[in-house]
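The values are calculated or read from the model by the stated rules, or taken from the named source; none is laboratory data. Remember, predicted model here, so these are calculated numbers, not experimental data. Cβ atoms come from the backbone with ideal geometry, glycine included; neighbour counts cover every protein chain shown.
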Amino acid sequence: MDSARRLPERRLAIALAVLALAGSGMAGTVPAAAAPAGRTAPAVDAQGQWDLARLLREVAAQDNRRRRFVERRFVAALDTPVDARGELRFIAPARLEKRTASPHAEVLALDGDQLSVDGPAGRATMSLRQVPEAAALVEGLRAILAGDSATLERVFVATLAGGAADWHLRLVPRDPRALRLLSEIRVSGRGGELDLVETDQTDGDRSVMRILR
Amino acid sequence: MTRAAAAAYGSRRAILAAWLVLLGVCAVIIAHTPFPTDMSVFLPQRPTPRQQLLVDHLAHGVASRLLLVSIDAVPAERRADFSRALAGALRRDGHFRSIVNGELEALRADQALLFERRYQLSPGVSAERFEVPALHAALERTVAALGSSAGLFGKEWLLRDPTGETLRLLDALRADQAPRLHDGVWVSADGEHVMLLLETAAPGTDLDGQEAALQVLEHGFRQVREELGVPAAMMRVSGPARFAVESREAIRGDVARLSVLGIGLIFGLLGWAFRSLRALALALVPIGSAVAVATAAVALGFGSVHGLTLAFGTTLIGESVDYALYHLVRMASPEPVPARAFWATIRLGVLTSVAGFVALLFSGFPGLAQLSVFSIAGLLTAVTVTRFVLPVLTPAGWHPRDLGPLDARLARLLSAARRLRRPAAVLVAVALAVAVSRHGHLWDDDIASLNPVSKAAQQLDEELRAALGAPDARLMVVIAAETQATALQGAEQVGAALREQVRQGRLGGFESPADLLPPPALQRARQAALPDADALRRRLQAAAQGLPLRLASLEPFVADVQAARARAPLTLADLEGTQLGVRVRSMLSTHGGRTTAVIALRAAPGVPLDPDALARSLPAPEGASVAVVDLKAETDRLYAGYLREAVALSLAGAAAVVALLALALRSAAAVLEVCLPLAGAVVLVVAGFAATGHALNLLHLVGLLLVVAIGSNYSLFMHGLRRGVLSRVPSSGTLASLALADATTMTGFGVLAFSGVPLLAALGTTVGAGCALALVLSALWIGPRAGAAAEGSRRGGAG
């Protein structure tokens, strides 16, 4: 339990939840060729409707995935932005990882409800249940993987713009405690695939993560 | 009314008035007497300084408030919920000072405190740490952390503590073995049991408060079990509070149960013998007076009467009724024993009993000293009341039923049993051989044999302690000083020496309160090492050369360092409400103007700890005394001391009894005659325990002394009967009264054998069996001769 004390646990848990899931949870998709029959193009369905439920179904259809990312982090305390690169992994059923290779090695992982970090900011492991507001965020983001739009919308105010070929999802936390830290997450992509995850913190710091394929 | 009658009437009134006043005074004293049931009775009355340290720590430290809890048979997925719900319920209640179950919720106060006071508490704070080179390295790490994924969110914290003192602090504070976490709450190593550590608000000496806390815990547990729908869930609780409350229950239950049982059985016996309510009422007079005066006497002598002493009171009932019994039998007899001879024998009997108890008066074991005062006061009161008050209360012309027929039956029995004289002697010889052959294994020299806590409860305590990672506090360094600051200073100096031992591999580790709460001087030294705001800003500017860090963002750090310079040293009071506070309080206790700091030691694997060598290697801090204490060895020494003392006192008591007999009987042969049955009874009892595999403890030994002291009454009477001192006519009922007296004494002690408190049970078994054997052997070996017995039976039959 002492290792859990190593960082202000609440913030870290939220950070981990957001970063591990916002990135890897929705990162990439199986190639269309590998998709089962009847779920061909990640495009407009028979009714031609592109809505949150449809988007989530597309994302949820993915299995194990692994994608490289480049990320630019804007931190007020630093003169220059930080450019990071690394890999996002989702290992079914419940392990999500964000592995940063440079400028400093760091591993963020969510396994079940255990969150862990090992990098320049320290090393810690904690249970999401210890941090209810972070747990809510995780539940919300996990809902994306599960295609559960009801839970997603319980945790976030979710606004979807654009169409299947170029969608933009804006997620604003509903929990005021989470809002004190995180103002919004913007995700854009095509079909079941993500291109860009932008995370804005309430104090103005932000990160822009581009997912490569 | 004649003048003589008037004078007699006047003196009767005076006696009654004096008796009633005495009872009234006793009632007032008893009404103001506390009846503790705690462990105080086991603690030494005249402790050595080292024992005093132990006593202070055990009786007043936080250890006496801790409760260890294990919740069992909860399905894996409900364990965390159960722990959280129970902890939540207990936190809402005021009976607990701290509830620790691994939840971070409970650590919030600690985190805030550690962060705020990091520059006073962190062992890393030094002047070099705030020079440019060290600051540069710190800022490099900070930049890397700020740019990381996790740092993006922890940056405020990183910027306020770029030198990482909080991390270092948390590393230093990490408990050696914290329990495993499952879903964020503590579980046992196998993950099956939910573990909690509670500290009651009530101190260890407030048993009512602790009992209330235990009830709140039980109630909360049942409620949570119901709410979560896990009816199979079970709770196991251990800790000094639990033991204390339970032994109080056991002792209270015993006092009530055994008193009722003892009185019931004794009165059943008397009722059967006399068939008269009036006789019973009269017998009650010395009993009641004896118990009242005995209790008041202990209260006056010790300030309180321990529950165990009171439970022991049942034996006094059995003994004090003896004198009433002799009196009633004598009254009933058509040819009573002459008053002078009768009271002379009684007096000698009382004196020998008292002699045995007087020896115990000098015991350093408070339990025995109380017991001794209780019995002496009780016996003297019983005999005095029988002698002076009972005749006044007995209506003129009333005679109890003559026990002559019973006497005659006993005489016949005795006559028939005389054939067993030699077999009995052989049996005693065999028993002596058994006892001698096993003399190495007769005694149980483990203090655990006195522990009122059951073996099962002790095992549970060990299990829960291991699961909760509570340190094995067998070996410790104890530092005592006038003030908390001096004690901590001493602990700090000792800790430095111990660290060196650990470095050399001679010691596995240690836990010192000074590492958790540094002494004020050390805190001040750290504060003095902090640069002022301008100096720090200049150094930061130099240190940040070449780093992409905005200096303005480090202003919170500069402000924190500034604030830390002016803070008053952190004290134990500041730790209120934190887990850190619980840990420090468990190692630091203040009592009676002295503070005791305890450093628990852990041996290195395969390296046995030598307390004496360790003690020599430790410094002698100014104003503090340092002692290396081996708890097990110390308690063993304490018990060995009690045992040694008890042996000496018992021998002295037995010698006093023999001396009294010699003084009264004025014949070596007579003394030998009187003593032989007593020795035989002692040998038989010892051999009996040895043969049934029971090791004897201190209370058995005391019991043997009482066998001699009380049993001497019976052998004296038997001896008197045989010599014709007591009666020229055997049908005086003496034999019957002896048998009845022995039966009541045996009953009084015998019921103790059924006590749930091991101490009382040991005493009860020994004295109950021993007194019965003393009477039987007296009757066989030195009882009236066959011819006299036969004559007695004829007379009895005719009467």
Condition check for B:SER333: over 22 Å from B:ALA762 (Cα atoms), of a type outside the set (A, V, I, L, M) and in contact with a Gly (Cβ under 7 Å, 6 or more places away or on another chain): yes
Qualifying residues in region A:168-212 (those that are in a loop (DSSP other than H, G, I, E, B) and within 11 Å of another protein chain (Cβ to nearest Cβ)) - the one modelled with the lowest pLDDT: A:LEU181
Qualifying residues in region B:312-347 (those that are acidic (Asp, Glu) and in a helix (DSSP H, G or I)) - the one nearest to B:THR386 (Cα to Cα): B:ASP322
Test: B:GLU673 is surrounded by fewer than 24 Cβ atoms within 10 Å (Cβ to Cβ), among the acidic types (Asp, Glu) and closer than 16 Å to B:VAL358 by Cα: no
Residue match in region B:53-61 (condition: buried (at least 18 other Cβ atoms within 10 Å of the Cβ), modelled with pLDDT under 80 and more than 28 Å from B:LEU214 (Cβ to Cβ)): yes
Residue in region A:148-157 that is of a type in the set (Asp, Glu) and more than 15 Å from A:LEU55 (Cα to Cα) present: no
Residue ranges of strands (runs of 3 or more DSSP E) in region B:146-260 with at least 2 members within 11 Å of chain A (Cβ to nearest Cβ): B:180-182, B:185-187
Residue in region B:563-584 that is within 14 Å of another protein chain (Cβ to nearest Cβ) and closer than 17 Å to B:ALA487 by Cα present: yes
Flag for A:ALA77 being exposed (fewer than 15 other Cβ atoms within 10 Å of the Cβ), touching a strand residue (DSSP E or B) at 6+ places or on another chain (Cβ under 8 Å), within 14 Å of chain B (Cβ to nearest Cβ) and at pLDDT 85 or above: no
Out of B:GLY313, B:GLY303, B:GLY271, sole residue that is surrounded by fewer than 21 Cβ atoms within 10 Å (Cβ to Cβ) and under 22 Å from the mean Cα position of the chain (by Cα): B:GLY303
In region B:316-369, the residues that are among the basic types (Lys, Arg) and either touching a Leu at 6+ places or on another chain (Cβ under 6 Å) or farther than 22 Å from B:ALA772 by Cα (or both): B:ARG330, B:ARG340
Sole exception among (1) in a loop (DSSP other than H, G, I, E, B); (2) touching a Gly at 6+ places or on another chain (Cβ under 6 Å); (3) at pLDDT 80 or above for B:GLY653, by number: (1)
Output for region B:362-381, where each listed residue is over 29 Å from B:LEU20 (Cβ atoms) and either surrounded by fewer than 20 Cβ atoms within 10 Å (Cβ to Cβ) or not hydrophobic (A, V, I, L, M, F, W, C) (or both): B:PHE362, B:SER363, B:GLY364, B:PRO366, B:GLY367
Enumeration of residues in region B:529-557 that are under 59 Å from the mean Cα position of the chain (by Cα) and away from chain A (no Cβ under 14 Å): B:ALA529, B:LEU530, B:PRO531, B:ASP532, B:ALA533, B:LEU536
Subset of region A:103-113 [more than 9 Å from chain B (Cβ to nearest Cβ), in a strand (DSSP E or B) and without any contact (Cβ under 8 Å) to a residue 40 or more places away in the chain]: A:VAL107, A:ASP111
Residues that are in contact with an Asp or Glu (Cβ under 7 Å, 6 or more places away or on another chain) and over 21 Å from B:GLN541 (Cβ atoms), drawn from region B:120-144: B:SER122, B:GLY124, B:VAL125
Verdict on B:GLY641 being closer than 30 Å to B:ARG97 by Cα and either out of contact with any Lys or Arg (no Cβ under 6 Å at 6 or more places or on another chain) or in a loop (DSSP other than H, G, I, E, B) (or both): no
Qualifying residues in region B:107-124 (those that are at pLDDT below 75 and surrounded by fewer than 19 Cβ atoms within 10 Å (Cβ to Cβ)) - the one farthest from the other protein chains (Cβ to nearest Cβ): B:ALA109
Residue count, region B:628-659 (criterion: more than 23 Å from B:TRP443 (Cβ to Cβ) and surrounded by fewer than 18 Cβ atoms within 10 Å (Cβ to Cβ)): 1
Hits in region A:88-102 - residues which are at pLDDT 90 or above and either away from every other protein chain (no Cβ under 11 Å) or in a loop (DSSP other than H, G, I, E, B) (or both): A:ALA101
